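Report on one structure; see the data block that follows.
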Amino acid sequence: MGIIQKYGELLPITKKTPRITLEEGSTPLVYLDCISKLLDIELWGKLEGSNPTGSFKDRGMVMAVAKAIEEGAKAFICASTGNTSASAAAYAAAAQVPCYVVLPAGKVALGKLSQTLMYGATVIAVKGNFDRAFEMSREAAEKTGYTVVNSVNPYRLWGQRSGAWEVCDVLGKAPDWHAIPVGNAGNISAYWAGYKQYKEIGKIVELPQMMGFQAAGASPLVTGELCPNPETIATAIRIGSPVNAKFAKEAVAQSNGQFNAVTDEEILSAQKLLASKGGIFAEPASCAPLAGLVKLKKEGRLPKGITVVMVLTGNGLKDLATAMSQVGEPITIEDNMKDLLEVMSS
Ligand code: F0G
């Protein structure tokens, strides 16, 4: 059952909204036993890489696309660091509406680029960063009348609220901390709105503290200043001028949360920790929250015993080049048993 089917009563849909779905949402919430013990907390991972296109974007995209079709959209357009474009292209294909995506040239992980091309979107790579691609796509939307399906589209954030609802449905409450990577700052804003909505309708009593994590080289919400040349190995969050900065700041201020930055090195080491001690392969950007928790633990700023949910926003298979650069090559042997047993006993 997709988001519109599962949570239709909580979403701004009408009789005319098409009930489209690729069976997004209902992703696993996994208890991470070993890492919980290491950090002395109760840590859960929300596996958003299990969505149809491998990231959380599908929750919002299904709403954006359904509402756009309801309103008679001619075509969709978005800028993207890769996941939004894959998701937009997939839902556009399912609905048979043309889709244009504008990407920062050379800065999108290959898995995401190949998905987007495979789904049949028109892909335009701009020799500039995401922020510039976003500016250009918004201007193009004004000129063409096409529907922008980036997170400035309010229906995207509506759909993404469903992640918070699922967390509460499973835990029976909100966590103490909600830890989440922040790029264009839509998802943190959506989760906060989702938790608040659930409190208003009496589904939960307490709200979580919203803990946003950015890459150190692209951390405008931590430094308080726009970042004209964002740089990080976590290309999904390589963003210097987050469009939803205002909502994200409100979420953190109202919930008594925090923004923190983590280095690329810390992100890559968290990615390995999550895989080798949790059995979950998430893309680099998704590992910023775990990197942050490890760092806060080292600094004595991680309260003992709290319940933390971190959103593992995208599947590790999307960015294999970064993963392979960390793990090295397999051990290659000749075609004989002796060599195999020798390697296994060493
Ligand atoms: N994690 C992943 C895997 C992402 O792809 C993104 C954003 C984020 C975290 C940050 O979420 O922007 O809502 O703060 N990706 C966008 C894209 C920008 O184009 O795919 P945010």
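Here are some notes:
- Across segment 58-78, not a single residue is classified as within 21 Å of P284 (Cβ to Cβ) and surrounded by fewer than 22 Cβ atoms within 10 Å (Cβ to Cβ).
- Evaluating V102 against the criteria (1) assigned to a helix (DSSP H, G or I); (2) within 12 Å of the ligand (Cβ to nearest atom); (3) aliphatic (A, V, I, L, M) leaves one unmet condition, (1).
- Scanning segment 65-99 for residues that are part of a helix (DSSP H, G or I) and hydroxyl-bearing (S, T, Y) yields T84, S85, S87, Y91.
- Residue match in segment 240-250 (condition: under 30 Å from E9 (Cβ atoms) and acidic (D, E)): yes
- Selected residue (criterion: nearest to the chain's Cα centre (by Cα)) from residues of segment 72-90 that are more than 13 Å from the ligand (Cβ to nearest atom) and in contact (Cβ under 8 Å) with a residue 24 or more places away in the chain: F76
- Among (1) assigned to a loop (DSSP other than H, G, I, E, B); (2) at negative phi - the single one G300 does not satisfy: (2)
- For beta carbons closer than 6 Å, sequence separation of 6+ or different chains, a first residue in segment 186-204 that is within 14 Å of Q254 (Cβ to Cβ) and a second that is crowded, with 16+ Cβ neighbours inside 10 Å and among the β-branched types (V, I, T), the qualifying pairs are I188/I180; I188/V182.
- Only a single item in (1) within 16 Å of the ligand (Cβ to nearest atom); (2) closer than 18 Å to I20 by Cβ; (3) not aromatic (F, W, Y) is not met by A93, and it is number (1).
- Selection of segment 159-184 for residues being away from the ligand (no atom under 12 Å from the Cβ), in a loop (DSSP other than H, G, I, E, B) and buried (at least 21 other Cβ atoms within 10 Å of the Cβ) yields R161, A174, P175.
- The C-beta contact set for segment 323-346 (first residue under 30 Å from E266 (Cβ atoms), second residue β-branched (V, I, T), distance under 7 angstrom, 6+ apart or interchain) comprises I331/V343.
- Selection of segment 90-103 for residues being farther than 9 Å from F76 by Cα and surrounded by 24 or more Cβ atoms within 10 Å (Cβ to Cβ) yields A90, Y91, V102, L103.
- The set of residues from segment 132-158 being in a helix (DSSP H, G or I) and within 12 Å of the ligand (Cβ to nearest atom) comprises A133, F134, S137, R156, L157.
- Odd one out for V62 among (1) in a loop (DSSP other than H, G, I, E, B); (2) within 16 Å of the ligand (Cβ to nearest atom): (1)
- Among residues that are within 16 Å of the ligand (Cβ to nearest atom) and either surrounded by fewer than 21 Cβ atoms within 10 Å (Cβ to Cβ) or farther than 19 Å from F56 by Cα (or both), S219 is included.
- Flag for P242 being within 15 Å of the ligand (Cβ to nearest atom) and part of a loop (DSSP other than H, G, I, E, B): yes
Each row is one residue, and each column tells you yes or no for (1) part of a helix (DSSP H, G or I); (2) surrounded by fewer than 20 Cβ atoms within 10 Å (Cβ to Cβ); (3) in contact (Cβ under 8 Å) with a residue 24 or more places away in the chain; (4) within 14 Å of the ligand (Cβ to nearest atom).
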{"residue": "N229", "(1), (2), (3), (4)": "no, yes, yes, no"}
{"residue": "I233", "(1), (2), (3), (4)": "no, yes, yes, yes"}
{"residue": "A251", "(1), (2), (3), (4)": "yes, no, yes, yes"}
{"residue": "F259", "(1), (2), (3), (4)": "no, no, yes, yes"}
{"residue": "K277", "(1), (2), (3), (4)": "yes, yes, yes, no"}
{"residue": "I280", "(1), (2), (3), (4)": "no, no, yes, yes"}
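No value in this document is a laboratory result; all are computed from the given coordinates. Note that the coordinates shown come from a computational prediction; the quantities given were computed from them, not determined experimentally. Backbone-built Cβ (ideal geometry, glycine too); neighbour counts: all protein chains shown.
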